[in-house]
Amino acid sequence: MNTHPYAAEILVMAQEDLRLRGELAETGALFDGYHPDMERLHTANAHRLEEIITDIGGWPSPALVGEESAEAAWLIVQHAIGLPDFQRGMLGLLRDAVAAGDVPAWQAAYLEDRICVFEGRPQIYGTQFDWDDTGTLSPAPIENVQDVNLRRAAVGLGTIEEKTEELRHRARAEGDTPPPAPAKRRKDAEDWARKVGWR
């Protein structure tokens with residue numbers, strides 16, 4: 001067990017995130033826009049993690065805080081979708097950590113894709129999914145889609161086909177269903193992205 005003073009705190013923040021997500025999924029509230037309670041928790045976790053990273057002087061790597069807490073830090077950053085500047089800044093730190101061999105490359109890939117999608121650009125690795133116009137859970141638009149599995153393999157991810165099936169199965173298990181008004185949902189998402197500074 002890692003004894004770094006921040007290891008346990010980072011892990012608890014991520015666990016609370018997942019606990020609240022599960023609670024909201026049970027009631028269906030998770031799937032109806034960005035729930036205010038989720039947004040508040042994501043924001044508070046991000047601000048605290050930023051303080052920890054400033055104090056540490058870099059990314060909380062597995063060597064520093066242990067594997068579990070290092071992945072928890074990535075989860076906190078990945079979920080901080082209402083803080084564009086924070087996510088963009090953390091992507092730089094994550095890329096540095098990947099280059100140093102401190103964290104797996106898929107973590108930076110997920111964050112890069114998330115930023116691309118919120119900025120309204122095609123994603124690179126096909127990690128971000130949403131309901132399409134046919135009511136099917138599918139990857140958001142992907143740049144050079146014909147080569148996506150090569151890029152995924154390069155960062156340690158399985159095929160896009162495997163991930164698609166996994167996420168569709170999870171959606172069914174959690175009761176996540178296509179939105180009743182996809183055009184309105186898309187417009188609401190775009191309005192939100194502009195409001196918080198993604199576009």
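Every number in this text was worked out from the coordinates using simple rules, so none of it is lab data. Fair warning: this is a prediction, and the values are worked out from it, not measured in the lab. Virtual Cβ from ideal backbone geometry, glycine too; neighbours counted across all protein chains shown.
Points to keep in mind about this one:
- Principal semi-axes in Å for the chain [√(5λ), Cα gyration tensor, largest first]: 27, 21, 16
- Within the shell of other residues whose beta carbon sits under 15 angstrom from the beta carbon of Glu162, the net charge comes to +2, with Lys and Arg scored +1 and Asp and Glu -1.
- Least to most buried among Thr177, Thr54 (fewest other Cβ within 10 Å first): Thr54, Thr177
- Acute angle (nearest 10 degrees) that the helix 105-118 long axis makes with the longest principal axis of the chain, alpha-carbon atoms: 50
- Gyration tensor (alpha-carbon) shape descriptor, segment 2-80, a/c threshold 1.5: prolate
- Assigned charges on the beta-carbon of Lys, Arg, Asp, Glu; segment 7-196 dipole about Cα centre (debye): 460
- With Cα atoms defining each centre, segment 13-40 and segment 50-91 are spaced 20 Å apart in the structure.
- Amide hydrogen proximity for Asp132: with H placed 1.01 Å from N in the peptide plane, the residues at 5 or more positions away or on another chain lying under 5 Å are Leu137, Ser138.
- With contributions of -39500 (n - 2.57) from each DSSP H run of at least four residues, the per-residue ellipticity at 222 nm computed over the chain stands at -20500 deg cm²/dmol.
- Proximal charge balance of Met90 [Cβ under 12 Å; K/R count +1, D/E count -1]: -1
- For the pair Ala100 and Leu150, a Förster radius of 35 Å applied to the C-beta separation gives a FRET efficiency near 0.90, rounded to the nearest 0.05.
- Length-normalised contact order for the chain - Cα pairs under 8 Å, 6+ apart - percent: 17
- Here the Karplus curve 6.51 cos²θ - 1.76 cosθ + 1.60, taken at θ = phi - 60°, turns the phi angles of segment 187-199 into couplings of 5, 4, 5, 5, 4, 4, 4, 5, 4, 8, x, 6, 10 Hz, with x standing for Gly and Pro.
- D by Stokes-Einstein for segment 40-134, Kirkwood Rh over Cα pairs, 25 °C, 0.890 mPa s: 179 µm²/s.
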